[in-house]
Amino acid sequence: MTTRLKSVLVINGPNLNLLGRREPAVYGAQTLSDVETICHDACHTHGFTLDFRQSNHEGVLIDWIHEAGLAQAAGTLAGVILNAGAYTHTSIALHDAIKGASVHLIELHISNVHAREEFRHHSWISPVAHGVIVGLGVQGYALSVAALAFQPAPH
């Protein structure tokens, strides 16, 4: 009998497709493709497979979180890493989706949102996330994968 590796779902929200071009002083010069490589390598190191996605549309992100809840319940998903971009600060719908799907989720931000504009200081995601990684650049993605490996989803 073969053992199937659990996957990690990395969800990137609005404007993250512009990484490397958008405000490099804030977000760095690495592209979303570079981030995918970082995630792939981290998943490989920790024995996971990677499912890497990006959308600028809130409803799509919500659908993916619902899918993740089902995959986690089926035992095929280790957890979700969510960089919701600006939706972090505006989307009660994402909060409700995470809570409703009961998904093990790490909230991630490339920049230190607490050192930026005041409207970025509040997160609707944090209260339903299992952990938050903020301000460590794109390497925060690798740290998030490690967090899922060392703090597995509750059964």
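None of the figures in this text is laboratory data; all of them are computed from the coordinates on show. Computed from a prediction, not measured in an experiment: that's the story for all the values here. Here the Cβ is made from the backbone with ideal geometry for all residues, glycine too, and neighbour counts use every protein chain on show.
Sequence-ordered 3J(HN,Hα) estimates for the stretch 133-143 from the Karplus curve with 6.51, -1.76 and 1.60 and θ = phi - 60° stand at 10, 9, x, 9, x, 5, 5, x, 5, 5, 5 Hz, glycine and proline given as x. Mean separation of Cα pairs under 8 Å and 6 or more residues apart, divided by the residue count, gives the stretch 59-136 a relative contact order of 33 percent. Look at the alpha carbon pairs under 8 Å that are at least 6 residues apart: their mean separation over the length of the chain gives a relative contact order of 27 percent. When the Gaussian network model of the chain links Cα atoms closer than 10 Å, the mean-square fluctuations of ALA68, ALA78, ALA86 top out at ALA86.
Per DSSP H run of n ≥ 4, the term is -39500 (n - 2.57); total these for the chain, divide by its residue number, and report the mean residue ellipticity at 222 nm rounded to 500 deg cm²/dmol.
That calculation yields -11000 deg cm²/dmol at 222 nm.
In a simple Cβ point-charge model (Lys, Arg +1; Asp, Glu -1; nothing else charged), the stretch 7-150 has a dipole of about 140 debye relative to its Cα centre. Between amide H atoms placed 1.01 Å from N, distances below 5 Å from GLN54 occur with ASN12, all of them 5 or more places distant or on a separate chain.
To the nearest ten degrees, helix 32-45 and the longest principal axis of the Cα atoms of the chain are 30 degrees apart.
The GNM of the chain, with springs linking C-alpha atoms under 10 angstrom apart, assigns the highest mean-square fluctuation among VAL60, VAL145, VAL103 to VAL60.
The amide H of THR90, built 1.01 Å from its N in the peptide plane, has TRP124 as neighbours under 5 Å, considering only residues 5 or more places off or on other chains.
Listed values [x] 23, 18, 13; [y] 34, 22, 14; [z] 21, 19, 16 include one computed from this model; for semi-axes √(5λ) of the Cα gyration tensor in Å that value carries the label [x].
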